[in-house]
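Peer 1: One structure coming up, written as C-alpha cells, with questions to follow.
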Amino acid sequence: MTPLMEVHDFAVGFGSAQPVKGVSFDVTAGEMLAIVGESGSGKSLTALGLIGLLPSHARKTGSIRLAGRDLSDLSERQWRSIRGREIGMIFQEPMTSLNPVLTVGEQIVEVLRIHDKIDRRSARKRAIELLDLVNIPEAGRRIDDYPHQLSGGMRQRVMIAIGVACNPKLLIADEATTALDVTIQAQILQLLDNLRLNLNMAVILITHDLGIVAQWADRVMVMYAGRKVEEGLPQPVFEHPYHPYTRGLLAASPRAEVGQHYRDGPLLEIPGSIVSSLHEKGCAFRPRCPDARASCGQAVPPIKLISDGRYAACPLVPSQFGRVSHDALVGA
Amino acid sequence: MTSSQSTALSPSLLVAVGRSTEIASPPPDAAEAEKEWSYTRAPDALSARSAYQSRRGLRREIRIFLTNPNAIVGVLFLASVVVTALLAPLLYPGDPLEMVSRPFLWPGQNADYPLGTDSMGRDVLAGIVHGARISLTVGIVATALGLTIGIGIGAVAGYFGGWVDEVLVKIIEIFQTLPNFVLLVVLVAIAQPTVTTVTAAIGIITWPTVARLTRAEFRAIREKDYVLAARSLGYGHARIVFAEILPNALPPIIVTSSVMVAGAILMEAALSFMGLGDPNRVSWGSMIGSGRDVIRTAWYLTALPGLAIVFTVISLNLISDGLNDALNPRFSEERR
C-alpha cells in the first residue's frame, strides 16, 4: 500500500535559525498519526509546512508528496486548490478560529462553494448534513448561529465540519483538543476517529498529551528540536521507549501508578529546556540526557530502524533495550 | 507494513471506541438522545432559548443604538434635514438665488418669508432648504469617495505588508504632512469650482485618515486565527480581504465615516464662505459668506445658516457616538 503522504527530509529555516531540521515520515490513508513533542520541537511548523502556510520568509527544503504528487514547488494558486479540498486543518483555539461576523452556516457554505462549485441551496443542505455529522444537535437551527452563541466544544465541532466539508484525504489537527476540557476532548477525539473511519481520511494529530496518543493514535512520532527522534506503534513506544527523550516525556506524565501521587513527591521532569540549536554538532538532547556520553557530542545521531516499524535516533538504544524504571531516569 | 500495524492495533482501538461511546454516541444514538432530552426539557429553558435566538446578528447592535437617547435625537434631526433636502424642489420650486422681495426683511416680518430676506432680497428659508441639498450631497459623496480610496489603499497596505505597505504608508504620510485645508483650496482653485470638483477635492484630502485606520485594523486582524483558518481552506486573497477581514474591520470605519460626513460639510461651508464654492448653487457656507458684510446690522443672515450647519454636524456627531457605543464590543457587553 503506497502511503498517502510522504514527507522526506523536510526542513524549515528562518534566517540563521532552523526550527525544523529534516523530518521524514509517511501517512497512510485512513491512519491516525500522532506527532508529539514539547513546545518548540517543530510540530506546528511541520504541520503548517504540510499545508503550505509557512510565512513567506521561511526557507523550506525537502519534499512533500501527496498521493504521488510533489507539493514542494506549487504556486500559491495551486496550493489553494489543495488546501481545504485535499488537506484540511483544524487549529488549537476554537474560540478564535471562526470568523465572528459570519454565521456558522455561511462559513461552511463558503468553503463548499469554493471547492465543490455547488449552488447556495445545496451547499446549505450539505452544511446542515455536515453539522449533523459532527453531532451538533438541531443542526437546522444551529446553522444560523454566530460563533459567539456556541460553546468551545461546539465551535471545534464546527471547525471540524468545515475541515472535512470537501472530503479531504488528510486532516491535520494541530493541538485541536488542547483548549477543551477533558470530557469535550474525548468527544472530539471520538468524533475525529469516527470521521476518519467513515471517510477513509488520514489524520495527523499534533499534541503533547500522551494519554490521547495512547488511546487514539495508530502510530506515534516523537519530535525533539526539529527532528524525529522516535517512531512506532503507541503501545510498544510507550512500553519500551528507546529514546531517552521519549522516556523522559513518559516519566513526566502523571499516571495511575504507585509513586505518582503528588503526596509521594513531585512529578518527574526533564531538566533544562530545548536549547538554541545554532552551531549544533551532536545530539540536540545531549545537554538534558541522563545517559549522554562524550560520543553524543560528535555527530547528530541518525534515525535508525530498530525493529519492525520502530525507529529511534539514539546510538545507545541497543544497549539499553528493555523497560526503563523511573529510578533509572532520575538517576540521582 | 502500515496496514499490518493497524490490524495489530485494532483490538485495542475497538476497546477504545467501545469505551468512549458512553461519552459521545455516534449520530443515530445522538438523535435519539436529543428526542429524549427535548421531552424532558423544562418549558422555561425552551422559551429562554428562543428569546436568545431572536436577538442575534445586527439586532443587538441596533437595539443598543436605539436605546441611546442622544443617538435618537441625532437620527431624528438628520432625518428631518434629509427629508427637507429631498423635498426642496417641491417646497421652494425655482431658483433660490432669485430676488423675490425687498432686501433685509427680518425673520417674522413677512409671513411669506418666515426667515426673512438677505441683502439682495433672496428668501433665506429657500436658501437654507436648498443649501441642505448641497451640504448633504457634498458630505455624503465626498465621504463615500474618501472611504472607497481609503479602505482600498489601507486594506492593501495592511493585508500584504512588506514593501507594498511601505510605499503606501509613504504616500499617506505625504498627504498628511500637507495642511488639509490649504491643499483643498489649491485643488479647488486649479479646477473650476463646481459641486463635483469640490466633492472630489474633499474626498481626496480625507482618504488618508480612513486609510490609516483601515491599515491598522487589517494589520491586527490579519494575524487572527480565523484568517489563518481561512487560508488553510484555500481561500484567495480577495476573498480573505473582503469576506473575512473587512466585515471585522468595519465598526471603527463606520464610526469615523459619520464624523467624516460632518467634516466634509464643514469643509464645503468653509470653501463657500471664502467664495471658492460653486457660484451657481446656494449652500449654507455661501449664505454665511454673503451675510458676512452686514453681520452687524443683519446678523440673522449669518446666524441662521450657521445654526443649520451646527445642528447638522452635532447630530452627525451624536450618531457617531451612538454607533461607537453600539459597535464597540467591549462597551456593548457592559450595557447588555
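Peer 1: Can you name the residue in segment B:213-242 that is surrounded by 18 or more Cβ atoms within 10 Å (Cβ to Cβ) and small (Gly, Ala, Ser) and is also farthest from the other protein chains (Cβ to nearest Cβ) among such residues?
Peer 2: Looking at residues that are surrounded by 18 or more Cβ atoms within 10 Å (Cβ to Cβ) and small (Gly, Ala, Ser), I get B:230.
Peer 1: Within segment A:22-64, count every residue that is charged (D, E, K, R) and within 30 Å of residue B:159 (Cα to Cα).
Peer 2: Residues of segment A:22-64 that are charged (D, E, K, R), as a first pass: A:26, A:31, A:38, A:43, A:59-60.
Filter once more, so that each one left must be within 30 Å of residue B:159 (Cα to Cα): A:43, A:59-60.
Residues in segment A:22-64 being charged (D, E, K, R) and within 30 Å of residue B:159 (Cα to Cα): 3 in total.
Peer 1: Could you say whether any residue in segment A:33-41 is more than 14 Å from chain B (Cβ to nearest Cβ) and over 29 Å from residue A:235 (Cβ atoms)? Spell out how you get there, then give the answer.
Peer 2: Our first condition is that a residue be more than 14 Å from chain B (Cβ to nearest Cβ); within segment A:33-41, this holds for A:35-41.
Narrowing further to those that are over 29 Å from residue A:235 (Cβ atoms): none.
So far as segment A:33-41 goes, no, none of its residues is more than 14 Å from chain B (Cβ to nearest Cβ) and over 29 Å from residue A:235 (Cβ atoms).
Peer 1: So, of the residues in segment A:57-105 that are within 23 Å of residue B:224 (Cα to Cα), at pLDDT 90 or above and more than 9 Å from chain B (Cβ to nearest Cβ), which turns out to be surrounded by the fewest Cβ atoms within 10 Å (Cβ to Cβ)?
Peer 2: A:105
Peer 1: Can you give me the number of residues within segment B:276-302 that are surrounded by fewer than 19 Cβ atoms within 10 Å (Cβ to Cβ) and over 18 Å from residue B:96 (Cβ atoms)?
Peer 2: 7
Peer 1: Here is a further query. Residue check, residue B:263 against (1) small (Gly, Ala, Ser); (2) within 14 Å of chain A (Cβ to nearest Cβ); (3) under 27 Å from residue B:150 (Cβ atoms); (4) surrounded by 20 or more Cβ atoms within 10 Å (Cβ to Cβ), all met but one. Which one?
Peer 2: Evaluating residue B:263 over (1) small (Gly, Ala, Ser); (2) within 14 Å of chain A (Cβ to nearest Cβ); (3) under 27 Å from residue B:150 (Cβ atoms); (4) surrounded by 20 or more Cβ atoms within 10 Å (Cβ to Cβ) leaves (2) as the failure.
Peer 1: Quick one: is residue A:127 of a type outside the set (Asp, Glu), more than 8 Å from every other protein chain (Cβ to nearest Cβ), touching a helix residue (DSSP H, G or I) at 6+ places or on another chain (Cβ under 8 Å) and free of Cβ contacts under 8 Å to residues at least 12 places away in the same chain?
Peer 2: It is false that residue A:127 is of a type outside the set (Asp, Glu), more than 8 Å from every other protein chain (Cβ to nearest Cβ), touching a helix residue (DSSP H, G or I) at 6+ places or on another chain (Cβ under 8 Å) and free of Cβ contacts under 8 Å to residues at least 12 places away in the same chain.
Peer 1: If you go through segment A:149-164 one residue at a time, do you hit one that is farther than 16 Å from residue B:225 by Cα, more than 12 Å from chain B (Cβ to nearest Cβ) and not hydrophobic (A, V, I, L, M, F, W, C)?
Peer 2: Taking every residue of segment A:149-164 in turn, at least one turns out to be farther than 16 Å from residue B:225 by Cα, more than 12 Å from chain B (Cβ to nearest Cβ) and not hydrophobic (A, V, I, L, M, F, W, C).
Peer 1: Condition test on residue B:205, is it in a helix (DSSP H, G or I) and surrounded by fewer than 21 Cβ atoms within 10 Å (Cβ to Cβ)? Don't jump to the end; show me each part of the working.
Peer 2: Numbers: in a helix (DSSP H, G or I): yes; surrounded by fewer than 21 Cβ atoms within 10 Å (Cβ to Cβ): no.
Criteria not met by residue B:205.
Peer 1: Let me ask something additional. Could you tell me whether residue B:108 is buried (at least 20 other Cβ atoms within 10 Å of the Cβ), touching a Gly at 6+ places or on another chain (Cβ under 8 Å) and on the phi > 0 side of the Ramachandran plot?
Peer 2: On the way: buried (at least 20 other Cβ atoms within 10 Å of the Cβ): no; touching a Gly at 6+ places or on another chain (Cβ under 8 Å): yes; on the phi > 0 side of the Ramachandran plot: yes.
For residue B:108, the condition - buried (at least 20 other Cβ atoms within 10 Å of the Cβ), touching a Gly at 6+ places or on another chain (Cβ under 8 Å) and on the phi > 0 side of the Ramachandran plot - is not met.
Peer 1: Conditions first: (1) at the interface with chain B (Cβ under 10 Å from one of its Cβ atoms); (2) touching a residue at least 60 places away in the same chain (Cβ under 8 Å); (3) over 18 Å from residue A:114 (Cβ atoms). Residue A:144 passes all but one, so which condition is the exception?
Peer 2: Residue A:144 satisfies all of (1) at the interface with chain B (Cβ under 10 Å from one of its Cβ atoms); (2) touching a residue at least 60 places away in the same chain (Cβ under 8 Å); (3) over 18 Å from residue A:114 (Cβ atoms) except (2).
Peer 1: Pull up segment A:172-208, narrow it to residues that are charged (D, E, K, R) and outside any helix (DSSP H, G or I), then point me to the one that is nearest to the other protein chains (Cβ to nearest Cβ). Quick ask: steps written out before the conclusion?
Peer 2: Of segment A:172-208, the ones charged (D, E, K, R) are A:174-175, A:181, A:193, A:196.
From the residues that got through so far, the ones that are outside any helix (DSSP H, G or I) too are A:174-175, A:181.
Working: A:174: 10, A:175: 12, A:181: 12 Å.
Restricting to residues being charged (D, E, K, R) and outside any helix (DSSP H, G or I), the top hit is A:174.
Peer 1: Looking only at segment A:14-29, which residues are part of a loop (DSSP other than H, G, I, E, B) and modelled with pLDDT of 90 or more?
Peer 2: So the first thing to find is which residues in segment A:14-29 are part of a loop (DSSP other than H, G, I, E, B), and the list is A:15-16, A:28-29.
If the condition is that a residue be part of a loop (DSSP other than H, G, I, E, B) and modelled with pLDDT of 90 or more, then A:28, A:29 are the ones that fit.
The values are calculated or read from the model by the stated rules, or taken from the named source; none is laboratory data. Quick caveat: nothing in here was measured; it's all calculated off a predicted structure. When we count neighbours, we look across all protein chains shown, and the Cβ atoms used for this are built from the backbone with ideal geometry, even at glycine.
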